[in-house]
Amino acid sequence: MKYNFSEVIDRVGKNSKKWDVGEGFISMTVADMDFPVAPEITEEILRRVAHGIYGYDVLDDAYYDSVVNWYKKVHKVNLEKEWLLYATGVRPAINATIEALTEKGDSILLFTPVYAYFFTNINECERNFVQCELDYIDDYYINYERLENQLSNSNVKMMILCSPHNPLGRVWSKEEILKVTKLCEKYNVILISDEIHCDLTFKEKTHVMSHSLSDWAINNTITYIAPTKTFNIAGARTSNIIVPNEQYREKIRKVLIKNKTNTNNFLSGPVTTAAYNKGGEWFDELMGVLEENREYVKEFFAREIPEIKLTPTYATYLEWIDFSAISTDSDEFCNFLYDNVKLKLNPGSEFGKGGEGKTRLNFACTREVLEDALLRFKKGVELYKKEK
């Protein structure tokens, strides 16, 4: 292996949102990775820093070419440069889209359990959210009758699709996305699709970009992409919105400008172009490491705590864990792990309907840390059972 994915890098005391949670704790929460970035990215950062002047930067054609070329190579889709809007992150990009294309008091539908900050986005924009809970039978499935019933509400103006789905690791098939887009078309609902995890799809599945499936979709879908999850560069604050519809694009652009979330920093361009142009080999090795970790988690729970169920993880580095046979109170159980074995996890309650009795675990770490975390989880289960 050319790159190092086994060295434990201490992130405590380094202003890490994920790791600065207390001495002796293991945190498997925030969706960033504990692996150092590709050295090709670091080299580009050092080259830019060595210039010595950190004034206002603009994004040039090389930046947009790197995005277009990556998606053509990896996902076999053709993007036009003029479709792309830069934003300082997917969350501010979603806020701008909601503000631009809906009105205060409108409702926005989303499948649950889902990424917790979608609820925050909707609340910040003074819109209402409608939770369309996914059916759960060993895996998660769309209940199309429920979806149509909720989309038919005249107040629902927009739908958020998380694809691949965080925290479930679910990769939506072409047929599933087509059914969703047809229902959105039927009820005149704009579809916005968060595809920030799309590169992190394991070999069993193929990611399908939501905007690419029909004429309606290309004109009524807004898609969010970024190199940040793929290459572990979330701190670079870089993302793009794919908006083929020119009218929608100009409306969103105006809100991005108003909110001051359309301006890159001096590293956004160099980091992105280095990642997409030079990071492919590192990324290929990363996916092998993540696949091995995914299998290790699966085997550990099957062997050591068989009453706990895992959702099949086909994308992301996030494992969705069903511990409802032990407790249906996700807050209580995760707080117990935190207090008694110093393991921090995301309680399922954060993710909306369907999250109770579940938790999310980030396995994008070294095997050494992963083993420690899982042993703490097992010990926590044993202590919890004794107390209850």
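Of the residues S212, S193, the single one that is surrounded by 15 or more Cβ atoms within 10 Å (Cβ to Cβ) and under 23 Å from G89 (Cβ atoms) is S193. The condition (being surrounded by 19 or more Cβ atoms within 10 Å (Cβ to Cβ), at pLDDT 95 or above and closer than 24 Å to K18 by Cα) is satisfied by just one residue among N220, N262, N232: N232. Note on region 201-213: residues that are in contact with an Asp or Glu (Cβ under 8 Å, 6 or more places away or on another chain) and assigned to a loop (DSSP other than H, G, I, E, B) amount to 4. Kindly evaluate Y71 against the criterion of being over 28 Å from N220 (Cα atoms) and either over 23 Å from the mean Cα position of the chain (by Cα) or modelled with pLDDT of 95 or more (or both). Answer is no for this residue. Does I177 qualify as being on the phi < 0 side of the Ramachandran plot, buried (at least 23 other Cβ atoms within 10 Å of the Cβ) and not in a loop (DSSP other than H, G, I, E, B)? Spelling it out, I177 is indeed on the phi < 0 side of the Ramachandran plot, buried (at least 23 other Cβ atoms within 10 Å of the Cβ) and not in a loop (DSSP other than H, G, I, E, B).
On the stretch given as region 214-227, residues that are free of Cβ contacts under 8 Å to residues at least 40 places away in the same chain and either outside any helix (DSSP H, G or I) or under 13 Å from I41 (Cα atoms) (or both) total 2. I'd like to check something: does region 63-72 contain any residue that is surrounded by 12 or more Cβ atoms within 10 Å (Cβ to Cβ), closer than 24 Å to N166 by Cβ and out of contact with any helix residue (DSSP H, G or I) (no Cβ under 8 Å at 6 or more places or on another chain)? Looking through region 63-72, at least one residue is surrounded by 12 or more Cβ atoms within 10 Å (Cβ to Cβ), closer than 24 Å to N166 by Cβ and out of contact with any helix residue (DSSP H, G or I) (no Cβ under 8 Å at 6 or more places or on another chain). Cβ-Cβ distances below 8 Å connect the following pairs, each with a first residue in region 13-41 that is under 14 Å from A373 (Cα atoms), a second residue that is part of a loop (DSSP other than H, G, I, E, B) and among the polar types (S, T, N, Q), and a separation of six or more residues or different chains: D34/T366. For region 236-324, the helices (runs of 4 or more DSSP H) that sit wholly inside it and include 1 or more residues that are over 30 Å from A217 (Cα atoms) and touching a residue at least 24 places away in the same chain (Cβ under 8 Å) are 268-278, 280-304.
The values are calculated or read from the model by the stated rules, or taken from the named source; none is laboratory data. Predicted, not measured: the structure shown is a model, and the values here were computed from it. Glycine also receives a Cβ, built like all others from the backbone with ideal geometry; neighbour counts cover every protein chain displayed.
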